[in-house]
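J.: This is the structure, below, for whatever I ask next.
The values are calculated or read from the model by the stated rules, or taken from the named source; none is laboratory data. A quick note: this is a predicted structure, and the numbers were derived from the prediction, not measured. Using ideal geometry, Cβ is built from the backbone for each residue, glycine included, and neighbour counts are taken over all protein chains shown.
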Amino acid sequence: MGAIGDNLQAVRARIVAAAAAAGREPSAIGLLAVSKIFSAEAVAEARASGQRAFGESYVQEAVDKILQLAGCDIEWHFIGPIQSNKTRLIAEHFHWVHSISTLKIARRLSEQRPAWRGPLSVCLQVNVSGESTKSGVSETELPALAAAVATLPGLRLRGLMCIPAPADGFEAQRQPFARLGRMRERLVADGLCLDTLSMGMSDDLEAAVAEGATWVRVGTAIFGARPVAAAGTIGVRPGV
Ligand SMILES: *Cc1c(COP(=O)(O)O)cnc(C)c1O
């Protein structure tokens, strides 16, 4: 097995151990391999090691890979910031979107979703850390947004997603994930049917699993470190 296959096995073992520690079924936790910046070849290598769900953050780069890997039975998840002029490409090419934070974007995705693909599974991204620089809907505005998105015919509202500010240590990492879990419980009590918590990355997936994550989104621990210059540059890949 190559490095990516070995890394995948190690990440899966982390998820199984975290699930056991939390008294959860490992099968309740999906692994989303975040392949942004990495090539279609890297994705194919992970696919050959049994990984099926992949997360992407940059629309054009992602669509290039999706077209190259058509026929590989991959489930594609969009997890990055969404500009209005990119919603059509996202609606046409992805199975899931984790990063909706406005009704305007949700409406466009719903209108532009091709009927033959069936409703697009979506999560609302919540700004759990309250930082003005982080995107996501605020906890205050979440219930109204969730109620509105739940009525859109082209979308299926599945749950909530967050990217907390980095924190050191298991207990500190758990806090924002626990908050997101409580937000989902309140929405469910209000009558919404939400089965998804998209939370946890390479450095904090154990804490997210402890608080009920159903998707963990892992990039670095699978594909290695992303080139720093490229990682901050939307839509640009190294060497392009
Ligand atoms: C890049 C990214 C990840 C993966 O982060 P790692 O720390 O590399 O595991 C997860 N979620 C989102 C939204 C991302 O943009």
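J.: Quick check on residue 19: is it on the phi < 0 side of the Ramachandran plot, assigned to a helix (DSSP H, G or I) and surrounded by 15 or more Cβ atoms within 10 Å (Cβ to Cβ)?
T.: So residue 19 fits the description; yes.
J.: Which of the residues that make up region 24-39 are more than 16 Å from residue 220 (Cα to Cα) and either near the ligand (Cβ under 9 Å from one of its atoms) or of a type in the set (A, V, I, L, M) (or both)?
T.: Passing the criteria: 28, 29.
J.: Condition test on residue 164, is it in a loop (DSSP other than H, G, I, E, B), buried (at least 22 other Cβ atoms within 10 Å of the Cβ) and modelled with pLDDT of 95 or more?
T.: Yes, satisfied.
J.: Name the single residue that is surrounded by the most Cβ atoms within 10 Å (Cβ to Cβ) among those in region 205-214 being more than 14 Å from the chain's Cα centre (by Cα) and assigned to a loop (DSSP other than H, G, I, E, B).
T.: The qualifying residue surrounded by the most Cβ atoms within 10 Å (Cβ to Cβ) is 211.
Yes/no matrix, rows are residues, columns are (1) of a type outside the set (Phe, Trp, Tyr); (2) part of a helix (DSSP H, G or I); (3) surrounded by fewer than 21 Cβ atoms within 10 Å (Cβ to Cβ):
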{"position": "45", "(1), (2), (3)": "yes, yes, yes"}
{"position": "54", "(1), (2), (3)": "no, no, no"}
{"position": "72", "(1), (2), (3)": "yes, no, yes"}
{"position": "82", "(1), (2), (3)": "yes, no, no"}
{"position": "97", "(1), (2), (3)": "yes, no, no"}
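J.: Only one of 63, 43, 16 is touching a helix residue (DSSP H, G or I) at 6+ places or on another chain (Cβ under 8 Å) and within 16 Å of the ligand (Cβ to nearest atom). Can you tell me which?
T.: So the residue among 63, 43, 16 that is touching a helix residue (DSSP H, G or I) at 6+ places or on another chain (Cβ under 8 Å) and within 16 Å of the ligand (Cβ to nearest atom) is 43.
J.: Got a sec? Which of 121, 49, 57 is of a type outside the set (A, V, I, L, M, F, W, C), closer than 17 Å to residue 149 by Cα and at pLDDT 95 or above?
T.: 121
J.: Still on this structure, I have one more. Can you tell me how many residues within region 29-43 are under 16 Å from the mean Cα position of the chain (by Cα), part of a loop (DSSP other than H, G, I, E, B) and not hydroxyl-bearing (Ser, Thr, Tyr)?
T.: 3
J.: Tally up the residues in region 96-111 that are under 13 Å from residue 154 (Cβ atoms) and within 16 Å of the ligand (Cβ to nearest atom), please.
T.: The qualifying residues number 3.
J.: Scan region 54-85 residue by residue and report those that are in contact with an Asp or Glu (Cβ under 9 Å, 6 or more places away or on another chain) and touching a residue at least 40 places away in the same chain (Cβ under 8 Å).
T.: Passing the criteria: 77, 79, 80.
J.: When only residues in region 120-165 that are touching a residue at least 60 places away in the same chain (Cβ under 8 Å) and of a type outside the set (Gly, Ala, Ser) count, which is farthest from the ligand (Cβ to nearest atom)?
T.: Restricting to residues being touching a residue at least 60 places away in the same chain (Cβ under 8 Å) and of a type outside the set (Gly, Ala, Ser), the top hit is 158.
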